[in-house]
1. More than 23 Å from residue 68 (Cβ to Cβ) and either assigned by TED's automatic domain parsing to the domain that holds residue 214 or surrounded by 13 or more Cβ atoms within 10 Å (Cβ to Cβ) (or both), is that true of residue 106?
2. Of the residues 24, 19, 76, which is of a type in the set (Val, Ile, Thr) and closer than 21 Å to residue 138 by Cβ?
3. Give the number of residues within region 172-198 that are closer than 24 Å to residue 148 by Cα, touching a helix residue (DSSP H, G or I) at 6+ places or on another chain (Cβ under 9 Å) and not basic (Lys, Arg).
4. Checking residue 157 against (1) of a type in the set (Gly, Ala, Ser); (2) surrounded by 12 or more Cβ atoms within 10 Å (Cβ to Cβ); (3) not in a loop (DSSP other than H, G, I, E, B): exactly one of these is not met. Which one?
5. Evaluate the following for residue 161: is it in contact with a strand residue (DSSP E or B) (Cβ under 6 Å, 6 or more places away or on another chain), closer than 30 Å to residue 8 by Cβ and not assigned by TED's automatic domain parsing to the domain that holds residue 71?
6. Among the numbered conditions (1) without any contact (Cβ under 8 Å) to a residue 24 or more places away in the chain; (2) surrounded by fewer than 12 Cβ atoms within 10 Å (Cβ to Cβ); (3) small (Gly, Ala, Ser), tell me where residue 27 comes up short.
7. Looking at 10, 83, can you tell me which residue is under 23 Å from the mean Cα position of the chain (by Cα) and either surrounded by 13 or more Cβ atoms within 10 Å (Cβ to Cβ) or part of a helix (DSSP H, G or I) (or both)?
8. Check 218, 203, 183, 167 and return the single one that is in contact (Cβ under 8 Å) with a residue 12 or more places away in the chain and among the small types (Gly, Ala, Ser).
Amino acid sequence: MLDLARLRALHAVAVHGSVSAAAVALGYTPSAVSQQIAKLERETRTTLLERQGRGIALTDAAQQLADTAQRLLAIVERAETTLEERRGQPSGRPAVGAFASAARGLLPSVLAELTARHPGLDARLTEVDPHLSPDLVAQGVIDLAVTHDWDISPLPAPEGVQRVVIGDDPSDILVPSDHPLAGRRVLRRADLTDQRWICQPPGTVCHDWLVRTLRASGHEPDLAYQVAE
């Protein structure tokens, strides 16, 4: 019989892309995750992980097993939740995903208060790109996502996923002290369309937002990129 903890380790590697990232999500050491995978390979007499450059990749058999593990883990979690609801004591391991600034600045105190009120909960927090969050919730990979979008580019909510607005987050504009826009307390989108910008590189959420915002005003953005290491 396959061990559920080992299946959970494999599933975490499949979701997070590496042993080290899976270890963070599970609250284990990378060595512990590697040991679980090695034991699962012996149990199944199947190679599950292969070296790929500096990282690892799941074999086809491992991916199939990870998909099955996802369904099994969801069933087990629902069973545990049902039992705890009957006892009236919340418990379990809710998986929460959030974009970087929320994961580092907003959620730590919230989750600490949650677990203090309900010691039976073992909440786990993972940084997740906002574009990926809705689908990860729909797939059952995470239970809750704190994400962000914009009025001109709302994130779609897949079937079975409920969306709740928890607040607005205004954007700050940084300009030199001698800039024509310096000193204004409020700026409109139209004030910013013909400016030159420093932003994150293509493929990032903030870059996408800025390009969409400027193009929505009928201007092609003039961007100078600065990448923070």
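1. Against the criterion (more than 23 Å from residue 68 (Cβ to Cβ) and either assigned by TED's automatic domain parsing to the domain that holds residue 214 or surrounded by 13 or more Cβ atoms within 10 Å (Cβ to Cβ) (or both)), residue 106 qualifies.
2. Just one listed residue meets the conditions, 76.
3. 4
4. (3)
5. It is false that residue 161 is in contact with a strand residue (DSSP E or B) (Cβ under 6 Å, 6 or more places away or on another chain), closer than 30 Å to residue 8 by Cβ and not assigned by TED's automatic domain parsing to the domain that holds residue 71.
6. Going through (1) without any contact (Cβ under 8 Å) to a residue 24 or more places away in the chain; (2) surrounded by fewer than 12 Cβ atoms within 10 Å (Cβ to Cβ); (3) small (Gly, Ala, Ser) one by one, residue 27 breaks only (1).
7. Among 10, 83, only 10 is under 23 Å from the mean Cα position of the chain (by Cα) and either surrounded by 13 or more Cβ atoms within 10 Å (Cβ to Cβ) or part of a helix (DSSP H, G or I) (or both).
8. One residue alone meets the criteria, 218.
The values are calculated or read from the model by the stated rules, or taken from the named source; none is laboratory data. Quick caveat: nothing in here was measured; it's all calculated off a predicted structure. Don't worry about glycine lacking a Cβ; one is built from the backbone with ideal geometry, like all the others, and counts go over all protein chains shown.
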